[in-house]
Amino acid sequence: MGDNVAHSDDAGFKLTVDAAAVKDAEPFAAHISSLIPAASGGPWFSACKSVNAGSPCKPFAFQYRKDTTVWIMAGPNRVTTVMGMEFEQPTDKILANVILDKFEEIRNAEKSSLSSSPIVKFTKHPNIPEDLKGHDNIDQAGTMKNEFGYFTFVLSKKHFTEARMRDSIYQIVGFRAYLQYHIKCAKAYFHSSMRKKVVDLRKVLGDAKMKSSSKKKGRR
């Protein structure tokens, strides 16, 4: 990908790519899509490797986004990730609540078919996950006060073998963006449905109008 990075005079942490110079689009797109997980996944790789080495590292917390704080805790045979999240828009809170509830509900309801997947748990404010008790700043979600809740992933050793570690970590790193994407998709669907309903209702109202008589009746 390095040959396609374009020169930029912009200050800050930015990457500019010369798309016209890309010769093979498919692998290039794959590299671009993994850029953020590769840059952000270091704490997870460190935690997983420490567990595999038999010496779990200390808990680690950091501000992942302005509305999200992440805690990573390594245990003897597992790595637990807790995301404390907040949303600026009330509608986003409602949709996120439904989506995260369904994640936990489906994981618990279909244990036989999803037994190999990570354990997930949604903890709603003001409750606090057991894994976070005793940690600092647990009421924070990035730079915001957490009044929404926490989502927990538990990876066991089978999820971070050498063959599976990268995929497992990339899925967790991208989860917050995945959630935001589906919130936006849901809102777009609702808006589209409402617009269609308005058009249908206007058509019904138009059809219900009484036709005025073209000829006025004269006086007797």
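Quick look at the numbers
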| quantity | calculated |
| --- | --- |
| Residue ID - farthest from the chain's Cα centre (by Cα), chosen from residues in segment 140-168 that are among the β-branched types (Val, Ile, Thr) and more than 25 Å from residue 105 (Cβ to Cβ) | 161 |
| Identity of the residue in segment 59-76, surrounded by fewer than 18 Cβ atoms within 10 Å (Cβ to Cβ) and touching a Gly at 6+ places or on another chain (Cβ under 6 Å), that ends up farthest from residue 168 (Cα to Cα) | 66 |
| Residue within segment 210-220 that is at pLDDT below 95 and surrounded by 10 or more Cβ atoms within 10 Å (Cβ to Cβ) present | no |
| Cβ-Cβ under 7 Å pairs, at least 6 apart or on other chains, segment 114-132 side more than 19 Å from residue 61 (Cβ to Cβ) and at pLDDT below 95, far side among the β-branched types (Val, Ile, Thr) and surrounded by 13 or more Cβ atoms within 10 Å (Cβ to Cβ) | 118/154; 119/154 |
| Residues satisfying the stated conditions in segment 112-126, i.e. surrounded by 11 or more Cβ atoms within 10 Å (Cβ to Cβ) and more than 21 Å from the chain's Cα centre (by Cα) | none |
| Looking only at segment 1-39, and only at residues there that are outside any helix (DSSP H, G or I) and polar (S, T, N, Q), the one that is modelled with the lowest pLDDT | 8 |
| Test: residue in segment 137-155 that is crowded, with 17+ Cβ neighbours inside 10 Å, assigned to a helix (DSSP H, G or I) and not hydroxyl-bearing (Ser, Thr, Tyr) | no |
| Segment 22-58, residues that are surrounded by fewer than 17 Cβ atoms within 10 Å (Cβ to Cβ) and either of a type in the set (D, E, K, R) or in contact with a strand residue (DSSP E or B) (Cβ under 6 Å, 6 or more places away or on another chain) (or both) | 23, 24, 26, 49, 50, 58 |
| Residue 52 vs. criteria in contact with a Lys or Arg (Cβ under 8 Å, 6 or more places away or on another chain) and farther than 26 Å from residue 187 by Cβ | yes |
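The values are calculated or read from the model by the stated rules, or taken from the named source; none is laboratory data. Being a predicted model, the structure only gives us computed values, none of them experimental. For neighbour counting, all protein chains shown are included, and Cβ atoms are generated from backbone atoms with ideal geometry for every residue, glycine included.
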